[in-house]
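Notes follow the structure.
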Amino acid sequence: MGVSVQSLSWTRTHTHTHTHPHTLLVTWASTPRPVGVLVEWGRIRDFTMALVSEFLGQLTLNFGGESEPKFPTVVAADNFDPAKDAARIETAIKTKGVDEQTIIDILTRRSYSQRRDVAFEYEKRSKKDLITALKGALSGCLEAVILGLMKNTAQYDATEIRASIKGLGTDEETLIEMLCSRSAAELLEIKRVYKEMFKKDLDKDVAGDTSGDFRTLLLALVQAKRDEPSNIVDYEKIDDDARALYEAGVKRKGTDVATWISIMSERSVPHLQKVFDRYKSYSPYDMKESIRKEVKGDLEKSFLTLVECFENKQQYFANRLSEAMKGKSAKEKVVTRIMVSRCEVDLMKIRTEFKRLNQKSLYQTIAEHTKGDYQKALLSLCGGDD
């Protein structure tokens, strides 16, 4: 029996506690009269994957599938010629005074895998390591951007986390941003890469550099035990969690931080979004107001970062960029880290959120608060004005 693409219709059933929200109605075309066949989500992939791939992709966007959709500003270049790029970079490095513009033009407009291909070709022709050559040729903020681009996302994140906890004092702000804004899948990969790069366990390093409830929360996040998003909306669990958060905080004297940590580090993001909404029916304050009332210091900042990322991660990063460029000069470390780590992930969406929040584009703000080759590199990563 064939399935006609034109007549394949999808009907989402009414969702409530007892109904699978993605039970789908498939209508077959070969019968004179359409016969409704209810097919469970898991089974549908077995025989209609080709027909419904676009539909499944849309489900991922709408209902939070395993991987988040990408909104990059840096994508793979068309007509890519790594040998030609490598030759141009070699000439740029050898030029008296270094031709930074060529290095920026090439490395900020190639995807990570293309940059690796360029590095391979560079080593082949010059018998030198490209990263070592770039270190020798560049300096300051521009060097930080370009060397950051030569790492993949997990390597870059692992390096930034390592820098925030080694040496004198801990850079809690960076640690909070990195660990509270990454998904469970990203954190698992960061842990693996961290061990590979530094021959140390991330959780042990975090434990050794933090203390108290702040340490407990970060370690719970590093465990990466967050539930996968489910296509079933469990209203009972949503209500239970919302009530538990209220009873552990605003309702009582003192705060049962362990309950907050367990719910916020283990539940899926779509579930928590609904929990925070439900929370308002128990508490006179929303979740963020409750956090500000109940806890202080790094723990407060961590919980607030988590909630902001659960609600709208790109808005969180837009706010971070805005705060980093409030004064006359930018907080280069923060700006560099966000621009480099998000340019192949969701910087396009961060740009949109930035414009909405500030009535000024990210591109214009970078142009006003940075200068020289560093500015050129950031504007190239930004990918355009809004």
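Derivation of every value follows stated rules applied to the coordinates shown; laboratory data play no part. Predicted, not measured: the structure shown is a model, and the values here were computed from it. Here the Cβ is made from the backbone with ideal geometry for all residues, glycine too, and neighbour counts use every protein chain on show.
The figures follow:
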| item | result |
| --- | --- |
| In order through the range 195-202: 3J(HN,Hα) via Karplus (6.51 cos²θ - 1.76 cosθ + 1.60), integer Hz, x for Gly, Pro | 4, 5, 7, 10, 6, 9, 8, 4 |
| In sequence order, calculated HN-Hα J values of the range 165-173 (Karplus, 6.51, -1.76, 1.60; Hz; x Gly/Pro) | 10, 9, x, 6, x, 10, 8, 4, 4 |
| Spatially proximal lysines relative to Lys301 (Cα-Cα < 17 Å; intrachain offsets below 8 disregarded) | Lys288, Lys293, Lys313 |
| Table column - 3J(HN,Hα) (Hz), the range 311-327, Karplus curve with 6.51, -1.76, 1.60, x for Gly and Pro | 7, 6, 4, 5, 5, 4, 5, 4, 5, 4, 5, 4, 5, 6, 10, 7, x |
| C-alpha center-to-center spacing [the range 119-159, the range 327-386] in angstrom | 21 |
| Debye intensity ratio I(q)/I(0), log10, the range 217-314, q values 0.12, 0.13, 0.22 Å⁻¹ (C-alpha model) | -0.34, -0.40, -1.24 |
| Cα-based reach from Lys127 at 30 Å (exclusive), listing lysines while leaving out same-chain residues under 8 positions away | Lys84, Lys94, Lys96, Lys135, Lys151, Lys195, Lys199, Lys376 |
| Neighbour cut-off at most 10 other Cβ (10 Å), DSSP loop, trypsin sites (Lys or Arg not before Pro), the range 186-228 | Lys199 |
